[in-house]
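A quick write-up on the structure given underneath.
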Amino acid sequence: MSELHKFLFDGLPVRGMIVRLTDAWTQILARRAGNTTSGAYPPPVRELLGEMAAAGVLMQSNIKFNGALVLQVFGDGPVKLAVAEVQSDLSLRATASVNGEVPDGARLSDMVNVGGGGRCAITLDPKDRLPGQQPYQGVVPLHGDHHEKIEKLSDVLQHYMLQSEQLDTILVLAADDQVAAGLLIQRMPIKGEGNLAGELTHRENEDQIGHNEDYNRIATLAASLTRDELLGLDVDTILRRLFWEEKLLRFVPHQGVDGPRFACTCSRERVSNMLRSLGVEEAESILAERGDIEVACEFCGQQYRYDAVDAAQIFTEPGKQLPGPSSVQ
């Protein structure tokens, strides 16, 4: 079961979170693999998308925001766009648009930043927007201060969070075919809430960047966590191995209906409504040409198929006799 754990370091201005996406992550991959048109993601794309999903949960959980956090990576490589969307209730979905070959071992720059124009965008879309209110979005490049290409998503997001919140942050991310996981350690603000959503910064927070010894010590321990450890060990073991000398205050884990879980907004009902809006003539034309109607969710890859009888039922008003197959062929 997917899980999110939050904790504090007692007496220190440092907080942390660990997320492990298991069933939520495998459901995302299974939907994509089951799509007969696109097929499964290449391994490097699966790893990138899993890291994005884990990071999205950590970032959503780190702010007080009622709406969707959308993490996007886009550029000029074979992966034109990768997206992870996490709602305030921790329901999530993720997708990637792959328009070229992605060989095994491909790095972030090989997938989305071939020409140096790759970007990472984080959008906060309020659930209940006020009139005229626009989503908040922050964008950072996939290169460093000297235009060197960044190869780790965690480095990109650390840079973003330092800019947006003026708080030291370290992220450790990893993903394979079974687990997408992440560890976040952050120095707590001296005053006020974090300002990921564009709130005012505080000079005291900026002045502490890089100078808090307690955070620096804990961040060094967190950075020692390996990919295999993050993917293979349970949360209790990870925390014990990393911070056995620190006193942790742990909160009740988020699991099950309160934890991270896969959810896409597509459904057969919504697809049927879309086909109904096209009209019976268009449906008959598709059936005559293909023999059935197939619609795939552009986000999760789930396919919905309709034969002649299914299509006829869409256009039949409740209580009326279904037309025979000839009426839609």
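For the reader, a short list of remarks on this structure follows.
- Between Gln133 and Gln163, the FRET efficiency from the beta-carbon distance, with R0 = 22 Å, is close to 0.45.
- Per-residue accessible area (protein heavy atoms, 1.4 Å probe) orders Lys127, Lys64 as Lys64, Lys127, starting from the largest.
- Taking the C-alpha atoms only, the angle from helix 43-61 to the longest principal axis of the chain is near 70 degrees.
- The angle between the Cα long axis of helix 213-223 and the main principal axis of the chain comes to about 50°, on a 0 to 90 degree scale.
- Amide H contacts of Tyr136 (H built 1.01 Å from N, under 5 Å, at least 5 apart or other chain): Leu124
- Compared with the dominant principal axis of the Cα atoms in the chain, helix 280-290 is inclined by about 90°.
- Alpha carbon centroid spacing (whole Å) that separates region 211-258 from region 1-76: 17 Å
- Highest average packing first - 281-290, 54-63, Cβ atoms within 10 Å: 54-63, 281-290
- Residue-count net charge about Val309 - beta-carbon cut-off 14 Å; Lys, Arg +1, Asp, Glu -1: -3
- For the chain, taking a cut-off of 4.7 Å between Cβ atoms, the unpaired cysteines are Cys120.
- On full extension, the segment bounded by Val309 and Ser277 gains 9.7 nm, given 0.36 nm per residue less the C-alpha separation.
- Identified option (computed semi-axes √(5λ) of the Cα gyration tensor in Å; candidates (1) 50, 19, 18; (2) 36, 19, 17; (3) 42, 21, 20): (3)
- Links that overshoot a 22 Å alpha carbon limit, given the list Lys6/Lys80; Lys80/Lys152; Lys6/Lys127; Lys6/Lys64; Lys80/Lys149: Lys6/Lys80; Lys6/Lys127
- Extension gain from Asp292 to Asp76, taking 0.36 nm per residue of separation minus the Cα-Cα distance: 74.2 nm
The values are calculated or read from the model by the stated rules, or taken from the named source; none is laboratory data. Everything numeric here is computed off the predicted structure, so don't read it as measured data. All Cβ positions, even for glycine, are placed from backbone atoms using ideal geometry, and neighbour counts span all protein chains on display. Quick note on the areas: whole protein, heavy atoms, side chains included, nothing else; ligands and nucleic acids left out. Shrake-Rupley method; radii C 1.70, N 1.55, O 1.52, S 1.80 Å.
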